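The values are calculated or read from the model by the stated rules, or taken from the named source; none is laboratory data. In this text, all values refer to a predicted model and were calculated from it rather than measured experimentally. Cβ sites come from the backbone with ideal geometry, for glycine too, and all protein chains shown count toward neighbours. The area values use the complete protein model at the heavy-atom level, side chains included, leaving out ligands, DNA and RNA. Shrake-Rupley method; radii C 1.70, N 1.55, O 1.52, S 1.80 Å.
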Amino acid sequence: MTTLKVNGQTHTLDVAPNRTLADVLRNELGLIGVRVSCSEGECGSCTVLVDGEPVTSCMMLVDQGEQHELQTIEGLGTSDDLHPIQQAFVEQQGFQCAFCTPGFVMSAKAFLAENPNPTREETAFAMSGNICRCGAYPYIVDAVMNAAEKLRARDGADRRAAD
Amino acid sequence: MGYEDRNFSVVGKGVHVKDASEKVTGALKYAVDLKVQNMAYGKILRCPHPHARITRIDTSKAEALAGVYGVLTHLDTPGLDWEAAWFNYRGKVLDGIGRFVGDDMAAVAAVSEEIAEQAVRLIEVEYEVLPHVFDMEEARKMDAPQIRDEGNERDPYIVEWGDVAEGEKDAEVTVDCDIFYESQQYAPLGRNAAIAEWMGDKVTLWTSSQTPSELRDGVHEALGIPLSKIRVMALPCGSSFGQWWSNNFMIITVLLAKKARRAVKIELTNEECMATVKRRHLERTRGRMGCTKDGQITLAQFDHLIDNGGYGFKDDVGFFCVDMWGRARHGHYAVHGINTNLLTAGCMRGVGDCTLGASVERVADQLAEKVGMDPVDFRIKNQIKPGEELRMQHSKHNMKGNIKEYIDGIREDLKEDWPELFHLSSGSTEDILTMGADAFGWKERWKGWGKPHTVDGPLRRAVGVGTGAHVCGVEFEGSTSAVVRINPDGSLKVHCSVGRQGQGSETTQSQVAAEAMGVSLDMVEIETGDTDSCPWSHGSLASNTMYRVGWATRAATMDARRQLLEIAARELFDGADPAELDITDGVVHPKGQPDSNRRFPITQVLHEIRSDTLGQTSSITGRPSVPMPPATTFARQFAAQFVEVEVDIETGQIKLLDFLAAQDSGTVVNPQVLKNQVIGGAICGAGFAIYEHLVFDEETGAIKNANLLDYKLLRAADFPHQAKVMFSESYDPVGPFGARGAGESPIAASIAAVAQAVYNATGVWVDLPMTPERVVRALGGV
Ligand code: FES
Ligand code: FES
């Protein structure tokens, strides 16, 4: 039995240990926002957060997900209550086909947690672990910069509210 | 036919795409995400040889494996030929002959993918290995191994005008070229899957496809069953660029589902996507151009080879460069399509324009250098302007016979409203070159041919400019239609068969319908993938979507609107002339008086017919009531792009420092969508220019880098994030609200711009892809 904590919920699953985390998230838990493209850790479309760190889930065996807090795109906003990063991707249209988008959003989340006030260069560099074959890169950078602003405003407001 | 009024309320707005929140929340379902009840999983047996015939196949062990539902071989197929759009595939679904390593030979359906894979290994096959040929020049020879019943080489596609001997005489300077292009891979993000399910003698096929109608035609041809028994449900695609039209694995899925007597899903691995479906052609241009000392091109003579691999069947790679550089006084262009024992090649975004077009750009640049002209000025001088003749009319052959013959059947009276056929209707490179050069600071940044503006140790920085053109859809395979329904509540449903390849066509088509009807965008919904509800269309290919499908969407909406206004005039406006009525924000009112007291919402008009017991319908259905003029004969899109590069002459490394893309696609229906298309194209082109190429095994022709680790793609930090996009103000007389096509000219312009910039930085022309090794070699290093 494998126990996974995903998006705050705990699941106990009877799955073969040779399955990848990406496969189990998609096919056992129905989290299809975990997109799988290259299956070899190159494209980043399957990026999920493991204790806040971005990881390509196609390269992890399911058991390696145990004892960690996992977050997928489904753990962020919903369509009527988007997370600020998702909102920024919508506003800047940081995608075309969007197959890469959940991966970029998760990478951006981890990046902005580390560096809440990045330069465009830092952002472009940080977003280079993911591939967007449609070539939305300049607008992905716009989206992440805009998300950073949104998050700073939100966190500033939170802090002010707490004071 | 023209629309003078450019005061749009929905068109031109950068509204968020309709499916944006599904996209950013990960809720959007691509074909790989779909499951149906009790479905089996399919796997394909692939040919291990470059060319071989099955002499014996024994499936008994595979069939005996627990969990296997059925095995499909060539012995089970009807043996009919089918064709994908634009001859991207032509042949049988399975015929017991493998024409490249990885070709489809048989398939298994089982309870799980693992068992299907095991069963594939249990199929016993004996092959007679046949002689093979990989090189297209070899394949043309009389004694070459024959890959297809039709022979290896297609009749050439030839376009000719004037007399090249005259052009030669008039030329004061000439340049020759012999350029070879490696093959770019679509390298799709997202892979693909197909699910087929039969109910009695009817089948439904779900897959990610840009061409639902043409896929249904393909299933019909391959199976020999009526079109009415086939329903294609095209789902959103990951990045596609022409890869996911109608593909053989989709039709295998249909046949396998029949054999297995249950729904079957075949999901391709990333390697299968890159090594067994298709790729851009390997191409070779030999050519010669000449001009006078003042830079007038007199001669353009090109002979171009394209390798179609096993199943491609093209002879006419776009080459709209022929029209773009159409001011050349005398021209001869020939394209030869040749089959080889390599992976099938097909149309990838900007087909022909990224290769033959890039060759023409390079040779033109070399001429401009010889006569001492600026590349911007040289292009403005020699590229086509509105109203000028299109050279494609002088084609000797094409896929459906001579273009002139095709046009001959058209009724004369229809032509009255049309732009002059075989003449460019609108747009050109002139405005975008001028505005782009200004905004980029071209005059200051370009230091002359082969001259960097900065030298910093081994680093050379320079700028380059390139142009690209493409059609706005082609009609040779049929006319495009759309259906628009006005529901009783006043909402609109558009049905048009363009699929969803991600560029945002659901949104832009909806904007066209909303504008045409006079309702807000949220009153419009759209179905683009279901062939049971959408009338036939080519789909999203050949930059067809906005121009031809958009035309149909607008025409269908106008037809529905006409009916609506007739009812309103009769029932609510005392028999007024319907032409005196208008619709604003879903409310019918006398023309020019949106605030009149006599105004009725669309719902009320619909209510009038619903409450009429003698009425024939409760909703209104519109469809185009006149044919669309043949777009091939007058509509083109244009791109002009400016780039700054830095080349390290010691390592051969190329960096892109700055980028500006100016685009002429007529009216911009949605600037957010269009800028993504333009920059997306530019990045894909830049990738082809500096890295991307497939590596074929010398012995077997198998693809050695069918994965994203070994096939390199540009990433965010590899392309200038401050890239700018500009749009022209041109307005097309036929396209919806003045819009034209967009997706393919940008990739071609980018390739030419990067190549020229590298030349300006280093003083040498490097063949694509300009990998570090090639740059160093071209500079005389080892
Ligand atoms: S699918 Fe995991 S990195 Fe590409
Ligand atoms: S939007 Fe298509 S791959 Fe990024």
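Among the numbered conditions (1) open to solvent by less than 10 Å² (accessible area, probe 1.4 Å); (2) of a type in the set (S, T, N, Q); (3) over 22 Å from B:TRP449 (Cβ atoms), the only one that B:SER359 does not meet is (3). Here B:GLY592 meets the list (1) on the phi > 0 side of the Ramachandran plot; (2) in contact (Cβ under 8 Å) with a residue 24 or more places away in the chain almost entirely, failing just condition (2).
If the condition is being more than 14 Å from chain A (Cβ to nearest Cβ), part of a helix (DSSP H, G or I) and in contact with a helix residue (DSSP H, G or I) (Cβ under 8 Å, 6 or more places away or on another chain), then region B:502-525 contributes B:GLN509, B:SER510, B:GLN511, B:VAL512, B:ALA513, B:ALA514, B:GLU515, B:ALA516, B:MET517, B:LEU521, B:MET523. Among the conditions (1) more than 16 Å from ligand 1 (Cβ to nearest atom); (2) open to solvent by less than 60 Å² (accessible area, probe 1.4 Å); (3) within 12 Å of chain B (Cβ to nearest Cβ); (4) of a type in the set (Val, Ile, Thr), A:ILE73 misses just one, which is (1). Restricting attention to region A:79-132, the residues that are of a type in the set (D, E, K, R) and in contact (Cβ under 8 Å) with a residue 24 or more places away in the chain total 3. Pairing each residue of region A:144-157 that is without any contact (Cβ under 8 Å) to a residue 60 or more places away in the chain with any residue that is charged (D, E, K, R), provided the two are 6+ apart or on different chains, yields C-beta distances under 8 Å for A:MET145/A:ARG120; A:ASN146/A:GLU91.
From the list B:GLY490, B:GLY450, B:GLY499, B:GLY518, which one is out of contact with any His (no Cβ under 8 Å at 6 or more places or on another chain) and either closer than 25 Å to B:SER239 by Cα or crowded, with 24+ Cβ neighbours inside 10 Å (or both)? From the options B:GLY490, B:GLY450, B:GLY499, B:GLY518, the qualifying one is B:GLY499. Residues that are part of a helix (DSSP H, G or I) and either closer than 19 Å to B:THR700 by Cβ or of a type in the set (Ser, Thr, Tyr) (or both) within region B:114-146 comprise B:MET136, B:GLU138, B:ALA139, listed in sequence order. Residues in region B:68-83 that are in a loop (DSSP other than H, G, I, E, B) and in contact with a Gly (Cβ under 6 Å, 6 or more places away or on another chain): B:PRO78, B:LEU80.
Scan region B:194-216 residue by residue and report those that are within 14 Å of chain A (Cβ to nearest Cβ) and either assigned to a strand (DSSP E or B) or surrounded by fewer than 23 Cβ atoms within 10 Å (Cβ to Cβ) (or both).
Taking region B:194-216 first, the residues within 14 Å of chain A (Cβ to nearest Cβ) are B:208-210.
The answer is B:SER208, and nothing else.
Pairing residues of region B:395-424 that are at pLDDT 85 or above with residues that are surrounded by 14 or more Cβ atoms within 10 Å (Cβ to Cβ) and of a type in the set (S, T, N, Q), at Cβ distances under 6 Å and at least 6 apart in sequence or on separate chains, gives B:PRO419/B:SER425; B:LEU421/B:THR633; B:PHE422/B:GLN393; B:PHE422/B:THR633.
Out of the residues in region B:33-61 that are within 14 Å of chain A (Cβ to nearest Cβ) and in contact with a Leu (Cβ under 9 Å, 6 or more places away or on another chain), state the one that is most open to solvent (accessible area, probe 1.4 Å). That would be B:LEU34. For the subset of region B:688-716 comprising residues that are at the interface with another protein chain (Cβ under 8 Å from one of its Cβ atoms) and not hydrophobic (A, V, I, L, M, F, W, C), which member is nearest to ligand 1 (Cβ to nearest atom)? Among residues in region B:688-716 that are at the interface with another protein chain (Cβ under 8 Å from one of its Cβ atoms) and not hydrophobic (A, V, I, L, M, F, W, C), the one nearest to ligand 1 (Cβ to nearest atom) is B:ASN707. Only a single criterion out of (1) assigned to a loop (DSSP other than H, G, I, E, B); (2) within 26 Å of the chain's Cα centre (by Cα) is not satisfied by B:MET392, namely (1).
Could you list all residues from region B:717-741 that are β-branched (Val, Ile, Thr) and either within 14 Å of another protein chain (Cβ to nearest Cβ) or surrounded by fewer than 20 Cβ atoms within 10 Å (Cβ to Cβ) (or both)?
Step one: of region B:717-741, the residues β-branched (Val, Ile, Thr) are B:725, B:734.
B:VAL725 - this is the single residue of region B:717-741 that is β-branched (Val, Ile, Thr) and either within 14 Å of another protein chain (Cβ to nearest Cβ) or surrounded by fewer than 20 Cβ atoms within 10 Å (Cβ to Cβ) (or both).
Taken over region B:443-481, the criterion of being among the hydroxyl-bearing types (Ser, Thr, Tyr) and more than 30 Å from B:TRP536 (Cβ to Cβ) is satisfied by B:THR454, B:THR467.
With respect to the conditions (1) buried (at least 24 other Cβ atoms within 10 Å of the Cβ); (2) more than 16 Å from ligand 2 (Cβ to nearest atom); (3) outside any loop (DSSP other than H, G, I, E, B), B:CYS273 lacks only one, and its number is (2).
On inspection, B:LYS381 passes the criterion of being open to solvent by 10 Å² or more (accessible area, probe 1.4 Å) and in a helix (DSSP H, G or I). Kindly evaluate B:THR528 against the criterion of being under 24 Å from the mean Cα position of the chain (by Cα), open to solvent by less than 10 Å² (accessible area, probe 1.4 Å), modelled with pLDDT of 95 or more and among the hydroxyl-bearing types (Ser, Thr, Tyr). Considered against the rule, which asks whether it is under 24 Å from the mean Cα position of the chain (by Cα), open to solvent by less than 10 Å² (accessible area, probe 1.4 Å), modelled with pLDDT of 95 or more and among the hydroxyl-bearing types (Ser, Thr, Tyr), B:THR528 comes out as yes. Among the residues of region A:26-46, the ones that are open to solvent by 10 Å² or more (accessible area, probe 1.4 Å), within 14 Å of ligand 1 (Cβ to nearest atom) and more than 10 Å from chain B (Cβ to nearest Cβ) come to 0 in all.
How many residues are in contact with a strand residue (DSSP E or B) (Cβ under 9 Å, 6 or more places away or on another chain) and not in a strand (DSSP E or B) if we restrict to region B:38-65?
Keep residues of region B:38-65 that are in contact with a strand residue (DSSP E or B) (Cβ under 9 Å, 6 or more places away or on another chain), which gives B:39-63, B:65.
Still in the list and also not in a strand (DSSP E or B): B:39, B:47-51, B:59-63, B:65.
Qualifying residue count, region B:38-65: 12.
So, B:ALA139, is that one surrounded by 24 or more Cβ atoms within 10 Å (Cβ to Cβ) and either more than 27 Å from the chain's Cα centre (by Cα) or at pLDDT below 95 (or both) or not? Yes: the conditions hold for B:ALA139.
Condition check for A:HIS68 on (1) touching a strand residue (DSSP E or B) at 6+ places or on another chain (Cβ under 7 Å); (2) more than 11 Å from ligand 1 (Cβ to nearest atom); (3) open to solvent by less than 10 Å² (accessible area, probe 1.4 Å): one failure, at (3). Scanning region B:147-193 for residues that are crowded, with 19+ Cβ neighbours inside 10 Å, in contact with a Ser or Thr (Cβ under 9 Å, 6 or more places away or on another chain), part of a strand (DSSP E or B) and hydrophobic (A, V, I, L, M, F, W, C) yields a total of 3.
Taking region A:115-155 as the search range and keeping residues that are of a type in the set (A, V, I, L, M) and at the interface with another protein chain (Cβ under 7 Å from one of its Cβ atoms), which one is nearest to A:ALA98 (Cα to Cα)? Result: A:ALA136. For region A:88-103, a tally of residues being out of contact with any helix residue (DSSP H, G or I) (no Cβ under 6 Å at 6 or more places or on another chain) and either open to solvent by 10 Å² or more (accessible area, probe 1.4 Å) or more than 9 Å from chain B (Cβ to nearest Cβ) (or both) returns 2. Every test in (1) in a helix (DSSP H, G or I); (2) open to solvent by less than 10 Å² (accessible area, probe 1.4 Å); (3) of a type outside the set (Ser, Thr, Tyr); (4) over 30 Å from B:PRO630 (Cα atoms) is passed by B:ALA552 save one, and that test is (4).
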